[in-house]
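What follows is a set of notes on a single structure, which appears directly below.
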Amino acid sequence: MRAKDVANAGIIRPPLIFLFSLLLGIIVDHQWPLRMSFGVAMQFMSAIMLFGGGIVFVLACREFQLAATPIPGNKPAAAVVGTGVFRISRNPIYLAFSSMHLAAVFWTQSLWLAASLVVALLFINRVVIPREESYMERKFGEEYTEYKKRVRCWL
């Protein structure tokens, strides 16, 4: 039986990658605290990044819903979504997760949380996104290729 043709059939879902990296950063930071000094202004900035990431996430989910295509990469995509926040970034949900993780970095001033975000972003950028984009190109061909030419991967 042929494997399901989806963007990301793996067990490790992208939200879990971000969550796992955040939890790992917190655990390591608890054992061996390493602090950076950002100052009080960065704690205010963390609130803005957390709120902004949440808004981007909700807006991205709304665009998927309006296009009647599933959000999870382990389900077949029904459309190329190029409206709303997807006009600015091909990966606004990953951008939202990154912003919320960075908010935790600024709030805690933890070097370990910063390192765990870098690891998550490397994995997302080198493994997850290439798989998703390959799938989208196979499924939607020229429509997705044109979208890639118009919109950056991140920002």
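The values are calculated or read from the model by the stated rules, or taken from the named source; none is laboratory data. For clarity, every value in this text was computed on a predicted model and none was experimentally measured. Neighbour counts run over all protein chains shown; Cβ positions are idealised from the backbone, glycine included.
Structure notes:
- Conditions (1) at pLDDT 95 or above; (2) under 16 Å from Leu95 (Cβ atoms); (3) surrounded by 13 or more Cβ atoms within 10 Å (Cβ to Cβ); number of the one not met by Asp29: (2)
- Taking (1) loosely packed, with under 14 Cβ neighbours inside 10 Å; (2) in a helix (DSSP H, G or I) in turn, Asn74 satisfies each apart from (2).
- Contacts under 7 angstrom Cβ, first residue in region 18-45 being of a type outside the set (A, V, I, L, M), partner in a loop (DSSP other than H, G, I, E, B), 6 or more apart: Arg35/Gln109; Ser37/Gln109; Phe38/Gln109
- Every residue from region 57-94 that is under 16 Å from Arg13 (Cα atoms) and of a type in the set (A, V, I, L, M): Ile71, Ala77, Ile93
- Scanning region 24-44 for residues that are closer than 13 Å to Ala104 by Cβ and either of a type in the set (D, E, K, R) or in contact with a Lys or Arg (Cβ under 7 Å, 6 or more places away or on another chain) (or both) yields a single hit, Asp29.
- Looking at region 100-150, the helices (runs of 4 or more DSSP H) lying wholly inside it that each contain 1 or more residues that are of a type in the set (Asp, Glu) and surrounded by 19 or more Cβ atoms within 10 Å (Cβ to Cβ) sit at 129-140.
- Scanning region 32-42 for residues that are surrounded by fewer than 12 Cβ atoms within 10 Å (Cβ to Cβ) and either part of a helix (DSSP H, G or I) or not hydroxyl-bearing (Ser, Thr, Tyr) (or both) yields a count of 5.
- Look at region 80-107: where a residue is touching a residue at least 24 places away in the same chain (Cβ under 8 Å) and a partner is in a loop (DSSP other than H, G, I, E, B) and of a type in the set (Phe, Trp, Tyr), sitting 6+ places away or on another chain with Cβ atoms under 7 Å, you get Ser89/Trp154; Asn91/Trp154; Leu95/Trp154; Phe106/Phe38.
- Taking the criterion of being surrounded by 20 or more Cβ atoms within 10 Å (Cβ to Cβ) and assigned to a helix (DSSP H, G or I), the residues of region 87-97 that qualify are Pro92, Ile93, Tyr94, Leu95, Ala96, Phe97.
- Any pair with Cβ under 7 angstrom, 6 or more apart, that starts in region 114-127 at a residue that is over 14 Å from Phe97 (Cα atoms) and ends at one that is in a helix (DSSP H, G or I): Ala115/Gly25
- Only residues that are within 21 Å of Ile129 (Cα to Cα) and touching a Ser or Thr at 6+ places or on another chain (Cβ under 6 Å) were counted across region 33-73, and they come to 2.
For every residue, the table says whether it meets (1) assigned to a helix (DSSP H, G or I); (2) of a type outside the set (A, V, I, L, M, F, W, C).
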position: Ile12; (1), (2): no, no
position: Val28; (1), (2): yes, no
position: Phe44; (1), (2): yes, no
position: Met49; (1), (2): yes, no
position: Phe57; (1), (2): yes, no
position: Ala60; (1), (2): yes, no
position: Pro70; (1), (2): no, yes
